[in-house]
Structures are given as C-alpha cells and as structure tokens.
Amino acid sequence: MTSTYPDDGAQALEYLAAARRQASQLPEALRAEPIEIRRAAVIGAGTMGVGIAIALLEADVAVVLLDQNGPAVEQGRLRIAQHYERRVSTGKMTGELAARRQSVLAATPDWGCLADVDLVIEAVYEDLAVKQDVFRQIDASARPGAILASNTSYLDVDEIARVTRRPQDVLGLHFFSPAHVMKLLEVVRAAQTSSVALATGMALGTRLGKTTVLASNAFGFIGNRIYNAYRRECEFMLEDGAWPEDVDQALTALGFAMGPFAVADLSGLDIAWRMRRAQAATRHPDERYVSILDHLCEQGRLGRKAGAGYYVYADGQAVSSTDAVVRGLIEQASAQRGIVRRPLAPEVIQRRALLAMVNEAALLLAQGVALRPGDVDAVLVDGYGFPKKLGGPVFWARQQAADRLETDLRALGESTGHGFVRADLSVLSND
C-alpha cells in the first residue's frame, strides 16, 4: 500500500486532533444555548447503564440509576461502589473523592425519580418495542423540558421519539462500552430534535471529556454503519480463502486494536445474529450474504462468554488457530457459493478492509449522515480501534493514488455483487 505521510504518523495525529475539535462544533444553523445538566437519570442498571452512570458522576452530575428490577438496581449500585473501591485501592482516587462521587448517586426502581432530572438516558435492551415502552413511561414521568436520550446503537430514533408527546426533546446519545472508559459519543439528531436538545447533548459530551460527533438518524449512524461494511467485507474474505486468524492478524499488524473476528467473539456473536434475523425479511435474495456466523450461533458458539465462537477459549484465552468446526463451516460456505478458495496475502486483506470502509464513509457523507470527513475519522479512531497512525479511513484514502482507488473499488463491487453501491469519492476531499 502506498503512503505519503511519515512513518511515525505525526501528520495523522495532527489531523485527528483538529478533526476532534471541529467535530464538537455544531453548524451555525443548529447552535443554541444548552440547558444545564445538574441531575440525570440512567434507565437500565446493566453494564452500559452502570458505565454511563459512572461517566456522569465523574463529570459532577448527580445520578439516579433506575431499573424496574429491584435486584438489578442493587447490583448496579454495588458495581458502581466496587468501581470506586478499585480506584481507591490502586491509588487512582482518594477515598474522600470516591465518597463524594457516590454521595450524589441514588438507585431506585421508582419512576417518580424522573420528575426532577434535567436529562434521562435510556440504556436498556436493544429492541425497538422495549425501548418504545420505556419512552412511553419516561414521557409520562419526566418533567417538561427535560432532555430524553436513547443509547441505541442501531435503532431508528424517530420511531422512539414518535411514542412521546415531545419529540423535540428526544435525541440519541450513543455511548460505547465501557461508557466511562471509551472516548466517543455519537449525538444523533432525529427529525424533530430541537437545537437546544442537540446543543445540550454536544455540551454533555464535551463535559464528559469525550470526542463528541453529531450524526443524522440513519441505521448504524456513523460508526456502526462503517464497521458493518468492514465486517461484511472481512466475512467475504473468509469465503474467498482466508481463515479468521488470517484476517485478524493482518489487521492487527496494520495497527487495529483487535481483528474483527476477535472483536465479534468478545462482544458476543448473538448480538449480530439478533440484528441479522431482524433484517432478514428485507434482505434481497441476490445479496451476497455470509451465513457462517449464523451457523456458529445455531451451534451455541456465541463467543468468548460461551467458550467458543470463531475461536475456542481455554481459561479465557483464545486458541491461536480456528478449529475444525469453524473451518468446516467456512469451507461449506465457499463451496455453496462456488468459490475456489485461495489464500489471501496480508496486504490484500488490509486493503480490501480499508476500501470497504472508505466506500461506506463516502456514501454516508453524501447522504449527510456525517457532517464532515473528519467526523468519520474521529469516530472510527476513537470508537472502533482504527489505527491512529493511519488517521482514519478518509485520511488514509487521501494518501492513496486516486486511479488505483477507483480501480480497486470497481473490483470490490464486482466481488460483492448485487447491492453494492459504489461511492463518489470526491466527497472525501470536502473539508
């Protein structure tokens, strides 16, 4: 692969710093005075809810952790206490400060607590019907003027806002897990989200010390949409001749924090499986679809938590090579598509993965899902482990020979087949 920036990535890091600063700024037409967030409610006492609560506490926001399940509320409160105990025991925080943080935390199953909060963040199960039920209750319980946010990763924020009587107050706040550690926050603008709500969401992200990026309401927003294109291309490469470890090793060698199949195992394969089943009815029959993950889930191989996914785990550690079950499923998928398997060189794997991301980035920029090319790069680096030294998919693309990019994208489209939309890459140069 060609590159015109220094090996140390200094230009890329300088570019990213500027992109992060610019991403935090709303366009002039959307600017407004944010409301002050003194007290917030987090609904859902699971891993994400607990992480969001800690992030808020660390920013001096009083928090009410709400869950209708009484034991879950207590478990959530206990996990927050254990977090602060660890911080104190490792010398990262004084006992006095830890006590002060927890003194403004309440945990309850009572919806009445929403009557005096400035912000409500829903962090429950990623299911539209479940979230809509929660928002009906939020709408009935929260005070007028409170900002109502969903921590959805993929779902339609307009459909969530629709069940309330105040869609202007509803927006998406997509945190990344663990929410008190990860540095990215996508602020999602729905059709009727007010400028005040947007300004409040953006200001909150800055207050939390996060890279804060505005996204329009579209499936997967910015990050998950591009990551899906990347993951899909990596699955195609399995059918074409690579093993999961080939792909993972090629991409970690490039500088990714983890390869896509190791990430999938860590997250749990059932998450993607559930999403795929939800989309099955609308999937075109001619679309290239790799069913390997589905078959793994059907066999109970749900990832690290189940002891097996793409990889087998012993004492929590992955065996370095995939086993006969996975390889058999991959070979079967190749045969069903009539593909003669051929090994893929690391450089081929790297470039195909990057090209898929670049193409999707250009598509969503053209559609206005992201405001600026730099916003895309800030999201991918700070939320998805994209190598900082490469600056993000847009920055990387700008370093490549334009004619080769176009040729390679044409080949990518031919290998994908039905449903591939080739992007106009000119949008990547619009700062």
Is it fair to say L238 is under 30 Å from E33 (Cβ atoms), in contact (Cβ under 8 Å) with a residue 60 or more places away in the chain, crowded, with 19+ Cβ neighbours inside 10 Å and not β-branched (V, I, T)?
no
Selection within the range 415-431 - in a loop (DSSP other than H, G, I, E, B) and in contact (Cβ under 8 Å) with a residue 12 or more places away in the chain
G417, H418, G419, V421, R422, A423, D424, N430, D431
Looking at A308, A361, A378, which one is touching a Ser or Thr at 6+ places or on another chain (Cβ under 6 Å) and either modelled with pLDDT of 95 or more or among the basic types (K, R) (or both)?
A378
Do you know which residues across the range 237-262 are closer than 19 Å to L302 by Cβ, among the small types (G, A, S) and part of a loop (DSSP other than H, G, I, E, B)?
G259
Is at least one residue of the range 60-68 modelled with pLDDT under 95, more than 24 Å from the chain's Cα centre (by Cα) and surrounded by fewer than 17 Cβ atoms within 10 Å (Cβ to Cβ)?
yes
Quick one: is A17 more than 18 Å from T200 (Cβ to Cβ), assigned to a loop (DSSP other than H, G, I, E, B), under 24 Å from the mean Cα position of the chain (by Cα) and modelled with pLDDT of 95 or more?
no
Looking only at residues in the range 137-158 that are within 13 Å of F221 (Cβ to Cβ) and among the β-branched types (V, I, T), which one is surrounded by the most Cβ atoms within 10 Å (Cβ to Cβ)?
V157
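The values are calculated or read from the model by the stated rules, or taken from the named source; none is laboratory data. Computed from a predicted model, the values in this text were never measured in an experiment. For neighbour counting, all protein chains shown are included, and Cβ atoms are generated from backbone atoms with ideal geometry for every residue, glycine included.
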